[in-house]
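Scroll down for the structure; my scribbles are underneath it.
The values are calculated or read from the model by the stated rules, or taken from the named source; none is laboratory data. Please read all numbers here as calculations on a predicted model, not as lab measurements. Cβ atoms come from the backbone with ideal geometry, glycine included; neighbour counts cover every protein chain shown.
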Amino acid sequence: MIAQTGATAPSLWGLAAAGILVALALGVSAWRHLGVGGSIVWAAVRAAAQLAAIGGVLTVVVDDAAPLVWSWCWVVAMVVFAAFTVRRRAPEVPAAFPLALLAFSATSVISLGVLFGFGIFELTPRAVVPLAGMVVGNSLSSTVLAARRTIGEVSDHRDRVEAHLALGLTGRNSVQRELRTAVRTALIPQIETTKSVGLVFLPGAMVGLILAGVEPAEAVRVQLAVMYLILGSVAVTTTVMAIGLSTRLFTADDRLAELPAPE
Amino acid sequence: MTEPGPNPLFAFRDVTVVAGGHTRLRARSLDIASGGITVITGPSGAGKSTLLRCCNRLVAPTTGRVLYRGTSLADIEPHEHRRQVGMVFQQPVPFPGTVAENLRTVADLDDGEVSELLERVALAPNVAQREATELSGGESQRMCLARTLTTRPSVLLADEPTSSLDPEAAETLERLARSLAESGTTVLWVTHDPAQAKRLGDRHLRLDQPPETAQL
């Protein structure tokens with residue numbers, strides 16, 4: 001496991017000093033008349049309140065003595081909340097909630113199954129919650145994007161889809177090209193992020209470990225496993241969402257339904 | 001209203017199609033006979049395209065029934081029906097890939113069969129390896145017709161297939177329709193062009209606007 005040589009979490013004074021950077025953002029907003037000053041303050045306060053609350057609960061949940069089932073309950077709650085978030089962000093997508101629930105559940109089972117099944121990480125409360133958070137949190141935007149692009153692609157190529165249907169193909173076979181494009185579009189940002197890691201940016205997990213005093217070589221190993229985890233998770237969620245959604249775009253007799261306009 | 005015979009190919013009974021808040025088609029009692037070329041005319045918005053789309057089951061009636069050879073379309077397996085009742089659209093819809101790949105969308109064809117099909121729609125065999133999306137409008141529409149013929153349909157629905165083509169290309173397509181009709185395929189051909197309707201039609205069906213009545 002990771003060797004921790006020293007903790008460097010900022011003191012409360014240090015944290016308050018970090019608030020200077022929020023003040024900087026407020027200054028930019030005021031100077032350029034961006035009109036987002038209120039939003040910046042709200043975001044900063046909300047982040048502090050949410051993290052403090054989560055930190056309090058996590059202290060109990062990830063305690064080594066805490067039963068593992070608490071962690072799994074936490075994971076289930078994260079999956080449900082993420083599915084709600086997808087529905088809220090993409091209200092035009094039919095059946096967004098159940099499909100997102102299915103997508104996040106599938107990726108959680110597969111990704112965490114690989115991580116813990118192969119012993120990449122030890123199955124402890126301290127590992128389950130953060131890793132599940134990585135899986136769900138990093139798949140969220142891609143899942144929304146996959147859902148919206150699936151609708152958009154099918155809508156943009158309605159004539160092509162109907163030309164396939166008119167040849168006697170099933171609805172699912174008629175949208176293969178559109179699904180490929182939607183999933184590819186949703187996957188590309190994560191692929192690019194994975195490619196540029198270490199060169200363009202240092203990811204949060206690795207920075208956190210190094211700041212916490214872990215040797216960089218160990219931090220790299222953890223980060224690499226996390227990056228692969230995220231890449232696989234995004235691939236699973238986007239694919240499940242796109243395939244699941246494609247079945248909702250057709251009637252029982254395989255006619256293309258009227259598609260919702262993007263909001 | 002003239003009944004084409006006791007066993008029409010398609011029979012529309014109290015059919016209305018409503019989509020997007022508008023009535024797209026209204027046909028109380030409309031029969032379409034088997035065989036030859038039936039030309040369907042009428043003003044824009046009369047429901048000509050919707051009528052064809054009902055025949056191919058891309059659209060379902062909001063009310064009423066459409067019968068195909070006496071059986072309600074709702075009781076017929078849609079995919080097999082669509083293979084029997086092929087459709088060519090107003091604008092050609094080439095799929096990305098070569099012409100040969102387009103022709104193999106639903107049929108396992110060897111190179112000889114691809115060439116044969118291309119010849120049938122007056123395209124040279126060497127077109128097979130060209131990108132389908134790079135064909136001219138006329139070539140593309142003929143390729144789409146060839147693609148539709150790969151399912152060996154007994155009925156061909158043609159929704160203003162020559163509207164975006166030059167006269168020469170349009171004439172080629174008309175000749176193909178005639179040749180198909182002579183070989184036993186029933187052709188339903190929608191057109192805005194009265195001269196084409198007169199030239200091509202064995203039977204004429206006019207849909208009036210608003211879509212209240214239809215007469216054979």
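Based on what the data block shows, is residue A:215 over 22 Å from residue A:112 (Cα atoms), acidic (Asp, Glu) and more than 14 Å from chain B (Cβ to nearest Cβ)? Yes: the conditions hold for residue A:215.
Among what's in the stretch B:123-136 and is surrounded by 17 or more Cβ atoms within 10 Å (Cβ to Cβ) and in a loop (DSSP other than H, G, I, E, B), pick the residue that is nearest to the other protein chains (Cβ to nearest Cβ). Filtering first and then ranking leaves B:135.
For the stretch B:141-172, filtered to residues that are away from chain A (no Cβ under 13 Å) and among the charged types (D, E, K, R), the residue that is surrounded by the fewest Cβ atoms within 10 Å (Cβ to Cβ) is B:168. Looking across the stretch A:155-196 at every residue that is in contact with a Ser or Thr (Cβ under 8 Å, 6 or more places away or on another chain) and under 22 Å from residue A:87 (Cα atoms), the one that is nearest to the other protein chains (Cβ to nearest Cβ) is identified as A:178. Scanning the stretch A:225-263 for residues that are under 26 Å from residue B:74 (Cβ atoms) and among the charged types (D, E, K, R) yields A:248, A:253, A:254, A:255, A:258. Has the stretch B:107-121 got any residue that is within 13 Å of chain A (Cβ to nearest Cβ) and either surrounded by fewer than 19 Cβ atoms within 10 Å (Cβ to Cβ) or modelled with pLDDT of 95 or more (or both)? The answer is yes; a qualifying residue exists. Here the stretch A:164-183 is the region considered, the condition is being in contact with a Pro (Cβ under 9 Å, 6 or more places away or on another chain) and free of Cβ contacts under 8 Å to residues at least 40 places away in the same chain, and the residue that is surrounded by the most Cβ atoms within 10 Å (Cβ to Cβ) is A:168. For first residues located in the stretch B:84-102 and among the aromatic types (Phe, Trp, Tyr), partners that are part of a loop (DSSP other than H, G, I, E, B) and lie 6+ apart or on another chain with Cβ distances below 7 Å form the pairs B:95/B:105. Within the stretch A:170-220, the set of residues being among the charged types (D, E, K, R) and farther than 18 Å from residue A:160 by Cα comprises A:184, A:192, A:195, A:215, A:218.
Considering the stretch A:49-107, the residues that are β-branched (Val, Ile, Thr) and not in a helix (DSSP H, G or I) include one that is farthest from residue A:155 (Cα to Cα), namely A:62.
Residues considered: A:242, A:212, A:205. Of these, the only one that is among the small types (Gly, Ala, Ser) and at pLDDT 90 or above is A:242.
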